[in-house]
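Below is one structure, written out as structure tokens; the observations come after it.
The values are calculated or read from the model by the stated rules, or taken from the named source; none is laboratory data. Values in this document were obtained by computation on a predicted structure and should not be read as measured data. Note: ideal-geometry Cβ built from the backbone for every residue, glycine included; neighbour counts use all protein chains shown. Ligands, DNA and RNA are excluded from the accessible area calculation, which covers all protein heavy atoms including side chains. Shrake-Rupley method; radii C 1.70, N 1.55, O 1.52, S 1.80 Å.
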Amino acid sequence: MMPPDGMRTRSQLLAAGYTDAELKALRRAGAVALVRRGAYVDPHDERLVDPAARHRLLVRATVPRTAAGSVVSHASAAVLHGLPVEVPEYVHLTRHGSGGGRIAHRVHLHVTALGADEVVVRNGIALTSPARTLVDLARSLPFSDAVVAADSALADALLGRGELDLAVAGTDGRRGGPAVRRVAAFADGRAESVAESLSRVALLRCGLPAPVPQWPVPMPGGGVLARVDFGWPELRTVGEVDGRVKYGRLLRPGQSAGDAVYAEKLREDAIRAQGFGVVRWTWADIADFERVARRLRATFRQA
């Protein structure tokens with residue numbers, strides 16, 4: 001009934017000979033899955049179990065129902081750009097104009113001005129550009145969440161620093177401008193994971209010196225001993241955040257997780273042998289970072 005990689009609308013299914021009563025029966029039997037009212041996919045579609053992929057389906061099902069000129073924006077645009085954001089329940093759309101927005105029928109409508117250079121088209125869908133999307137996120141999300149998205153956009157080269165700075169300049173005197181400037185000033189494309197971005201925010205909030213992300217630990221006589229998540233060269237300290245997928249990502253062909261852990265221990269021993277203190281933390285530590293901060297301060301004092 002359903003194309004393996006597509007979505008069918010109620011009108012398409014009716015044109016194919018199905019009746020509304022048959023569609024209801026198919027839904028009850030689990031033969032089709034509802035994306036939103038009037039849009040269906042195969043119930044075994046793998047995109048249904050991935051929040052971001054499911055939201056992309058919801059966007060595709062929603063856009064044809066919206067008024068001309070509506071542009072996918074905010075967190076929905078971030079999902080389409082592949083940025084790491086909390087997947088929204090509603091499809092965020094922006095329409096050019098003035099006045100307030102509204103929330104209804106799985107849509108969060110924002111009404112504001114959009115420049116021609118702030119809209120791009122991806123796979124036939126109009127959405128805000130990466131730069132405008134980051135501006136909207138900085139205005140509407142907590143600082144840490146907006147930093148995660150901005151770091152990722154810079155790291156993945158969705159935009160350059162110059163484009164971001166230009167977009168920030170356009171917010172002068174507008175609502176949310178200070179929040180946008182704060183996020184943009186702090187964003188750093190050297191962060192390689194969400195955990196690293198959130199760790200930088202945690203370090204800032206604890207009043208610790210700003211580290212050098214992805215710092216190359218020097219070897220005596222030249223060369224690089226290792227690259228670490230965070231470095232404080234003058235304080236002879238390095239920091240590493242151990243995300244749950246870290247060792248799996250580092251595995252070489254034929255290498256087990258145990259081998260990777262042992263190799264990491266040897267690496268850390270080599271760093272310590274050069275006179276650097278090493279402080280590690282995990283995802284679980286980021287939310288309540290003060291204990292890690294105390295360990296870092298103690299290591300700094302020993303420098």
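Odds and ends about this structure:
Rundown of residues vs (1) open to solvent by 30 Å² or more (accessible area, probe 1.4 Å); (2) over 20 Å from the mean Cα position of the chain (by Cα), yes/no style:
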residue	(1), (2)
Pro43	yes, yes
Val49	yes, no
Ala61	no, yes
His81	no, no
Glu86	yes, no
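- Only residues that are of a type in the set (Asp, Glu) and closer than 30 Å to Asp242 by Cβ were counted across the stretch 154-206, and they come to 4.
- Residue that is surrounded by the fewest Cβ atoms within 10 Å (Cβ to Cβ), among those in the stretch 145-180 that are of a type in the set (A, V, I, L, M, F, W, C) and not in a helix (DSSP H, G or I): Ala157
- On the stretch given as the stretch 75-104, residues that are of a type in the set (Ser, Thr, Tyr) and assigned to a strand (DSSP E or B) total 1.
- From the list Arg36, Arg56, Arg10, the lone residue that is touching a residue at least 24 places away in the same chain (Cβ under 8 Å), touching a Lys or Arg at 6+ places or on another chain (Cβ under 9 Å), over 19 Å from Asn123 (Cβ atoms) and surrounded by 13 or more Cβ atoms within 10 Å (Cβ to Cβ) is Arg10.
- Look at the stretch 287-303: where a residue is of a type in the set (S, T, N, Q) and a partner is open to solvent by 30 Å² or more (accessible area, probe 1.4 Å) and not in a helix (DSSP H, G or I), sitting 6+ places away or on another chain with Cβ atoms under 9 Å, you get Thr299/Arg236; Gln302/Arg236.
- Residue in the stretch 119-132 that is in a helix (DSSP H, G or I) and in contact (Cβ under 8 Å) with a residue 40 or more places away in the chain present: yes
- Among the residues of the stretch 94-114, just one is touching a helix residue (DSSP H, G or I) at 6+ places or on another chain (Cβ under 8 Å), at pLDDT below 95 and under 22 Å from Glu163 (Cα atoms), namely Leu114.
- In the stretch 213-222, the condition of being under 21 Å from the mean Cα position of the chain (by Cα), among the polar types (S, T, N, Q) and either modelled with pLDDT of 95 or more or open to solvent by 60 Å² or more (accessible area, probe 1.4 Å) (or both) is met by at least one residue.
- Residue match in the stretch 230-242 (condition: among the small types (Gly, Ala, Ser), modelled with pLDDT of 90 or more and open to solvent by less than 30 Å² (accessible area, probe 1.4 Å)): yes
- Of all residues making up the stretch 144-173, the number that are of a type in the set (Asp, Glu) and under 17 Å from Ala78 (Cα atoms): 4
- Hits in the stretch 88-108 (condition: open to solvent by less than 50 Å² (accessible area, probe 1.4 Å) and over 13 Å from Asp136 (Cβ atoms)): Val91, Gly97, Ala104, Val107
- In summary, Leu204 fulfils each of the numbered conditions (1) within 21 Å of Arg301 (Cβ to Cβ); (2) buried (at least 18 other Cβ atoms within 10 Å of the Cβ) with the single exception of condition (2).
- Filtered residues of the stretch 120-144 (kept if under 16 Å from Ser70 (Cβ atoms), open to solvent by 50 Å² or more (accessible area, probe 1.4 Å) and among the hydrophobic types (A, V, I, L, M, F, W, C)): Val121
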